[in-house]
1. What number goes with the only condition from (1) within 16 Å of the chain's Cα centre (by Cα); (2) modelled with pLDDT under 95 that Arg128 does not pass?
2. Restricting the search to the range 300-318, which residues are under 21 Å from Arg235 (Cα atoms) and open to solvent by less than 30 Å² (accessible area, probe 1.4 Å)?
3. Quick one: which residue in Thr170, Thr121 is among the β-branched types (Val, Ile, Thr), modelled with pLDDT of 95 or more, part of a loop (DSSP other than H, G, I, E, B) and surrounded by fewer than 21 Cβ atoms within 10 Å (Cβ to Cβ)?
4. Looking at Arg311, is it at pLDDT 95 or above and in contact with a Phe, Trp or Tyr (Cβ under 7 Å, 6 or more places away or on another chain)?
5. Give me the pairs, please: first residue somewhere in the range 225-244 and over 18 Å from Glu336 (Cα atoms) and in contact (Cβ under 8 Å) with a residue 12 or more places away in the chain, second residue anywhere and basic (Lys, Arg) and open to solvent by less than 20 Å² (accessible area, probe 1.4 Å), beta-carbon distance under 6 Å, and either six or more positions apart or on two chains.
6. Could you tell me whether any residue of the range 92-108 is buried (at least 19 other Cβ atoms within 10 Å of the Cβ), assigned to a strand (DSSP E or B) and touching a Cys at 6+ places or on another chain (Cβ under 8 Å)?
7. What's the number of the condition Arg128 fails, among (1) in a helix (DSSP H, G or I); (2) touching a strand residue (DSSP E or B) at 6+ places or on another chain (Cβ under 6 Å)?
8. Going through the range 129-145 one residue at a time, which ones are touching a Gly at 6+ places or on another chain (Cβ under 6 Å) and either surrounded by fewer than 23 Cβ atoms within 10 Å (Cβ to Cβ) or within 30 Å of Ala54 (Cα to Cα) (or both)?
Amino acid sequence: MKPFDIPTEPRVTEMAWPTRIVLGAGALQRLPAQAQRLKMKRPLLVTDAGVVKAGLVSRVLEVLKTAGLPCAVFDKVEPNPTEKDVFAGLEVYRKNDCDGLIALGGGSALDAGKLVQLLTTHEPPLSRYDDAKGGDQYVKDDLPPLIAIPTTAGTGSEVGRSGVVTLADTGRKTVIFSPHLLPGAAIVDPELTLGLPPGVTAATGMDAFTHCLEAYLSQGFHPLADAVAIDGIHRVSRSLVTAVREGTNLAARTDMMVAAMQGAMAFQKGLGACHALAHALTPISGVHHGLANAVVLPVVMEFNRAASTARLARVAVAMGDTSNAREEVLASNAIEQVRKLNAAIGIPARLRDVGVREEDLPLIAQKGFLDASHLSNPRKVTEADLLAMAREAW
């Protein structure tokens with residue numbers, strides 16, 4: 001194999017990894033200390049009905065109550081958050097005179113919490129802050145503090161600088177991106193994920209994997225992101241099957257939570273065509289984001305293979321390939337390993353098997369092309385390319 005890419009010309013790159021992370025079994029007990037550090041007196045807890053039903057909201061409220069910290073609750077976040085959810089949460093925040101936020105749940109609740117945080121000091125509409133249109137320039141640093149507590153190992157939103165929401169005026173999942181959206185602290189407690197069912201574990205786990213892989217293959221120069229992404233790929237490859245099959249395996253759950261954070265840390269470098277399609281598949285076809293990524297990923301890897309041979313070869317090695325084969329062979333092996341990983345955790349092989357209608361594929365490609373994720377894909381992508389990949393995945 002060839003050595004890692006060495007830049008042929010000088011370049012200046014700014015990099016940062018600033019979020020305070022409290023990681024490990026029992027980390028939830030450190031929540032009051034982090035709230036105190038961030039000077040929260042009356043936070044709003046942003047979450048969803050599923051997290052309430054799982055008993056996790058009561059656990060968080062009990063920890064806060066014991067520490068003498070009052071907390072309002074907004075638990076109406078939908079599985080794929082919309083502007084309506086964000087404005088409803090904002091109303092509860094203002095009604096209770098809150099001074100900070102605690103976002104508890106999967107990526108939807110964490111993203112919704114960030115966008116409630118944004119609108120406490122920024123004027124609507126949310127479309128003004130669309131990253132694809134340069135909206136990050138309007139996001140200022142006058143936001144109240146936010147603590148993120150993930151209950152899945154997927155999006156890594158607890159250490160990410162973006163929130164994703166479906167906008168009413170476009171009907172499109174939209175990324176709002178700014179360093180100012182980074183949580184002030186992340187409480188990463190694998191005990192909170194022990195009750196996740198196998199299907200959710202699989203889909204969210206492949207979301208983390210896709211973040212790592214697309215970030216690693218994406219255009220641009222960010223050696224820190226590359227190193228973190230490769231380690232995340234390795235962790236998912238060694239632990240996701242165990243986490244799906246043995247849901248109470250704390251070591252595997254911890255590994256997956258680390259990989260989820262690594263994916264979000266790495267994709268500040270960029271993503272790719274897989275996410276462009278997934279961001280369209282969710283609002284149009286109702287497919288869970290991680291599941292959409294998992295089904296489409298092998299097809300996108302094949303599309304990118306010629307442009308990313310050396311890096312895909314390293315992906316194969318990170319996933320456990322010890323064949324010492326030529327780069328071209330290893331690159332093909334990486335794609336096959338992803339297909340095998342999907343099969344091992346029960347991910348369907350085709351979009352038609354997850355409810356996507358063939359007649360919707362042109363619209364999915366159209367909306368996917370409007371998504372900024374494909375702009376950093378290692379191979380240039382057209383709308384026709386996205387449609388061809390969607391058809392192949394279907």
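The values are calculated or read from the model by the stated rules, or taken from the named source; none is laboratory data. As the structure is a prediction and not an experimental result, all values here were calculated from the model. So basically every Cβ, Gly included, is an ideal-geometry build from the backbone, and we count neighbours across all protein chains shown. For the accessible areas, the whole protein counts, side chains as well, though only heavy atoms, and no ligand, DNA or RNA atoms are used. Shrake-Rupley method; radii C 1.70, N 1.55, O 1.52, S 1.80 Å.
1. With respect to (1) within 16 Å of the chain's Cα centre (by Cα); (2) modelled with pLDDT under 95, Arg128 is out only on (1).
2. Within the range 300-318, Met301, Ala310, Leu312, Ala313, Arg314, Val315, Ala316, Ala318 meet the criteria.
3. Values: Thr170 fails: modelled with pLDDT of 95 or more.
Thr121 is the lone residue from the list that is among the β-branched types (Val, Ile, Thr), modelled with pLDDT of 95 or more, part of a loop (DSSP other than H, G, I, E, B) and surrounded by fewer than 21 Cβ atoms within 10 Å (Cβ to Cβ).
4. Numbers: at pLDDT 95 or above: yes; in contact with a Phe, Trp or Tyr (Cβ under 7 Å, 6 or more places away or on another chain): yes.
So Arg311 fits the description; yes.
5. Going by the 6 Å Cβ cut-off, the qualifying pairs are Ala243/Arg253.
6. For the range 92-108, residues buried (at least 19 other Cβ atoms within 10 Å of the Cβ), assigned to a strand (DSSP E or B) and touching a Cys at 6+ places or on another chain (Cβ under 8 Å): present.
7. Arg128 satisfies every listed condition except (2).
8. Across the range 129-145, the qualifying residues are Pro144, Pro145.
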